Amino acid sequence: MPAICRDCLTTFEEGRRCPTCRSPRVTAHPELFQLTIAHMDCDAFYASVEKLDNPELRDKPVIVGGGKRGVVSTACYLARIKGVRSAMPMFQALKLCPEAVVVHGRMQRYVEVSRQVRAMMDELTPVVEPLSLDEAFMDLTGTARLHGAPPAVMLARLVKRMRDEIGITGSIGLSHNKFLAKVASDLDKPRGFSVIGAAETGEFLRDKPIRMIWGIGPAAQESLDRAGIRTFNDLLRWEKDDLIHRFGGMGDRLWHLARGQDRRRVSPNAPVKSISKETTFFEDTGNTDVLDGHIWRLAEQVSDRAKAKGMAGRVVTLKLKRASHKLLTRQHQLHQPTQMADRIYRTCRALLDQLGDEGPYRLLGVGISHLVDASEADREGDLLDPDAGRRTEAERAADLIRKKFGKDAIIKGRALR
Amino acid sequence: MKFSIERAVLLKAVAQAQSVVERRNTIPILANVLIEAEGDSVQFRATDLDIEVVDRAPAKVERAGATTVAAVTLNEIVRKLPDGALVTLAEDGASGRLTIEAGRSNFSLATLPKEDFPVMASSDYQTNFSAPAPMLRRLFDKSKFAISTEETRYYLNGVYMHVSEADGGKVLRCVATDGHRLARIDADLPEGADGMPGVIVPRKTVGELRKLLDDDEAQIAVSVSETKVRFATPDITLISKVIDGTFPDYSRVIPTGNTRRLEVDAAEFAKAVDRVATVSSERSRAVKLSLDEDRLILSVNAPDSGAAEEELAVAYGDERLEIGFNAKYLLEIASQVDRENAVFLFNSSGDPTLMREGNDTSAVYVVMPMRV
């Protein structure tokens, strides 16, 4: 059976240890050198970056996340042993692992490291589809001749380089489609390398739970539960038409996934459809002044992102989550697309004023969608708001100042609310 | 209730009523038209709670009475009846059905009790005056294109009708704007209109009102209070709530110091704008106006789809100027001009531009330029 040593990258046919370096970190699979669709997932990415930058943290459980009300965004593997999980409320995490060091996320730094990883992936194939900062799909079909080595070898080299040159680790899933590649990368974390071949797909999936499918959340899970579908085996008993009838588009997809089929291509540069930011408050609030401050700060972040991408949105969305977790969203279609924080803020503020709901809220989000190129944005003034043009100019000037002297060089008073 | 009525007369009355009725209704009675027969006429009344229209038509009433039926269905039936038919509508009160007979056609419609029909409370109208239909037609037709559809600016969702001072004294004035263009139309102040409270007439009301104004000879009785406005002909009465809001101070929006004067044949101009805008793929099609002595070049440059240019002979004697506009807005204001040349007054490429017909200041339009 073809095998590869993930430490010294030797390929060989026989044995459970590497014949060259005697390492036990060997991946062997009959289809190892034929499969071409991969998913790379960094291990506890944010926490790993923190440990990388601060070696004192290396042997301590580290939780990256926000404040007393916040949630865990990443926990290192030492913390995970104690039961800490992503998206867990921070107080609960600290109960499980009181000795953990909690660090606030430094998004800019993560973006920086993510770019280094991305650069390495780009050397493997032009078809890289990032899902977030720390994971991506890669299609290595047809690259074997170029690299002089099959995809499996190149992927093992990628994670080795990530570890040696950047200092973070990742896990690889290798299979014949995106769905299974993503499933595979999760099988043997951290520092894993798992393979799901075409021949074993049916056998592999049979008893696995449906919630393993990326995109099946609690709501979908519940409706599947009602239909008596828990495992892939349950799914196989359904006719395609019945699934479609009951679950719509998702039914069709489920029918194919149950058979290990996923036709989606790895698509680089998946178009951005919206830009949004949200924040969970330290304390629930219905105070308009406080909410106003949050709207401004988020509008500014959304605007920064839009400006960086050279995009503008025609629809502005305000999202509020009540203390009871009930979600309220309001949208407004602008007369012309915008990328200016001022207009996003004013639109959201009007939406808030017209909401007719007093809160309190635990979360607020601001977003723009129906994106167009920035050249189509903010081109027309407003007769009834003659200052709008001057505010736009002021914002552009402030952007330039920030670019030169740093983010906090100039801020609006309302950002301090 | 039982009456006979000529099909054409019935259709006109019912059509007017059903257009007020909202298509999607949560309150069943609001989908109905109230029919009241008495003496030698029948009244058709419909409402959406903001607008009420009452249409009176002559009929041969055999038995007085009243009932309500679905306005849209009744309209459809009457519309499909042959021209010239005599239609008999009858309701006996017990069956809860309205029967419609015409020739050999027979219909029976479900009714709802007339008591449930909401009749709009009357208002104390402070101002009452009479205005010829062509005058009101001009005031509203020339301003309504600028009405805003933005719900966040609900106070712009109508035409602001009020009394104002102009050069020649007091005028009856209609203003509409959506923040990108503005129309200000003046008419001689009708007798009795002085002191009228300024009201914002909602977009839908403007549309309904238009149907009362087709007859050149008609005199429209206008009544205005702080909260309602009423337009009436001998046959039709339209009552509408006005928008509860403050119309912004538009006077500071209208530029007074614009000196760069362009005079152009409005129809030629509109056609040229329409032609060059064809190549633009954007939703807001930007057209650039490049002005030089007695020469105007209209151009569109859309990197993704193409470019277009057209030159027009115009009267222009000022410095060179380049200014961009939304093509749709230019077309709309140019189409308001029907007698003389269009006169544009510019300031700079970033300032509002004024347009009027010749030297007539009784209809002025303001349009905001666009970055090109």
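The values are calculated or read from the model by the stated rules, or taken from the named source; none is laboratory data. Computed from a predicted model, the values in this text were never measured in an experiment. Note: ideal-geometry Cβ built from the backbone for every residue, glycine included; neighbour counts use all protein chains shown. What goes into the accessible areas is simple: the full protein's heavy atoms, side chains included, and nothing from ligands, DNA or RNA. Shrake-Rupley method; radii C 1.70, N 1.55, O 1.52, S 1.80 Å.
Side notes on the structure shown:
- For the pair B:N128 and B:E263, the difference between a 0.36 nm per residue extended length and the Cα-Cα distance amounts to 44.6 nm.
- Reduced Cα scattering model of the range B:323-365, Debye log10 I(q)/I(0), q = 0.17, 0.18, 0.20 Å⁻¹: -0.45, -0.50, -0.62
- For chain A, the membrane-span-like helix rule (DSSP H, alpha carbon extent of at least 24 Å along the helix axis, mean Kyte-Doolittle at least 1.0) picks out no helix; this says nothing about an actual membrane.
- Look at the alpha carbon pairs under 8 Å that are at least 6 residues apart: their mean separation over the length of chain A gives a relative contact order of 12 percent.
- Along each principal axis, Cα extent of chain A, largest first, Å: 77, 54, 48
- Among the DSSP helices (H) of chain B, those spanning at least 15 angstrom by Cα along their long axis with an average Kyte-Doolittle hydropathy of -1.0 or more are B:7-20, B:266-277; this is a geometric and hydropathy rule only.
- Extension gain for the segment B:S108 to B:E322, taken as residue separation times 0.36 nm less the Cα-Cα distance, is 70.4 nm to one decimal.
- Working note: 222 nm ellipticity from helices only, DSSP H runs with n ≥ 4, each -39,500 (n - 2.57), summed and divided by the residues of chain B, gives -5000 deg cm²/dmol to the nearest 500.
- Sum of side-chain charges, B:K228 neighbourhood, beta-carbon under 12 Å (Lys, Arg +1; Asp, Glu -1): -3
- Cα-based convex hull, chain B, per residue volume (Å³, whole number): 170 Å³
- Whole-number D in µm²/s for the range B:1-82 (Stokes-Einstein; Kirkwood sum over Cα pairs; 10 °C, 1.306 mPa s): 126 µm²/s
- Using only the C-alpha atoms, the convex hull of the protein assembly as shown corresponds to 246 Å³ per residue.
- Taken along the Cα-to-beta-carbon direction at a fixed 7 Å, the label points for A:S267 and B:T149 span 2.9 nm.
- Length-normalised contact order for chain B - Cα pairs under 8 Å, 6+ apart - percent: 12 percent
- With all protein chains modelled, accessible area of B:D40 [1.4 Å, Å²]: 110 Å²
- Peptide ranges A:148-161, A:111-124 listed from the most packed, as the mean C-beta count within 10 angstrom indicates: A:148-161, A:111-124
- Euclidean distance of C-alpha centroids, the range B:316-350 and the range A:105-175, integer Å: 57 Å
- For chain B, the longest site-free run once trypsin sites (Lys or Arg not before Pro) in DSSP loop states with at most 11 other Cβ atoms within 10 Å are removed: B:105-319
- Derived scalar couplings between HN and Hα for the range B:337-354 equal 7, 10, 10, 10, 6, 7, 10, 9, 10, 9, 10, 10, 6, x, 9, x, 10, 10 Hz in order, rounded to whole Hz, by the Karplus curve 6.51 cos²θ - 1.76 cosθ + 1.60 (θ = phi - 60°), x for Gly and Pro.
- Integer Hz, Karplus 6.51/-1.76/1.60 couplings in order for the range A:26-39, x for Gly and Pro: 10, 10, 10, 6, x, 9, 3, 9, 9, 6, 10, 9, 10, 10
- The length gained by stretching the chain between B:D304 and B:A166 to full extension, at 0.36 nm per residue less their Cα-Cα distance, is 44.9 nm.
- Convex hull per residue volume in Å³, alpha carbons only, for the range B:299-372: 111 Å³
- Options A:T392, B:G358, B:A146, ranked by Cα towards positive dipole end of the protein assembly as shown, top entry (Cβ charges): A:T392
- Shielding by partners - mean other protein chain Cβ count within 10 Å, residues of B:324-330: 1
- Taking only the C-alpha atoms of the range A:318-407, the Rg (one decimal) and the largest Cα-Cα distance, Dmax (whole number), read 15.5, 43 Å.
- Estimated FRET transfer efficiency when R0 is 60 angstrom, pair A:D373-B:R63 (beta carbons, to 0.05): 0.30
- Relative contact order, whole percent, for the range A:131-211 stands at 18, derived from Cα pairs under 8 Å and 6 or more residues apart.
- Every Cα-Cα pair in the range A:231-324 was counted, and those over 17 Å apart are 68% of them.
- With a 10 Å cut-off around each Cβ of A:383-392, the average count of Cβ atoms from other chains is 4.
- Each eigenvalue of the Cα gyration tensor of the range A:336-388, multiplied by 5 and square-rooted, gives one semi-axis; in descending order these are 25, 15, 8 Å.
- Net charge of Cβ neighbours under 14 Å - reference B:R320; Lys, Arg +1; Asp, Glu -1: -3
- Estimated inter-spin distance, A:L146 and B:A94, nm [label 7 Å along Cα→Cβ]: 8.9 nm
- Backbone N within the range A:382-410 under 14 Å of label point (7 Å from B:T361 Cα along the Cβ vector): none
- Distance between the modelled labels on A:D387 and A:E13, one decimal in nanometres: 8.1 nm (7 Å Cα→Cβ projection).
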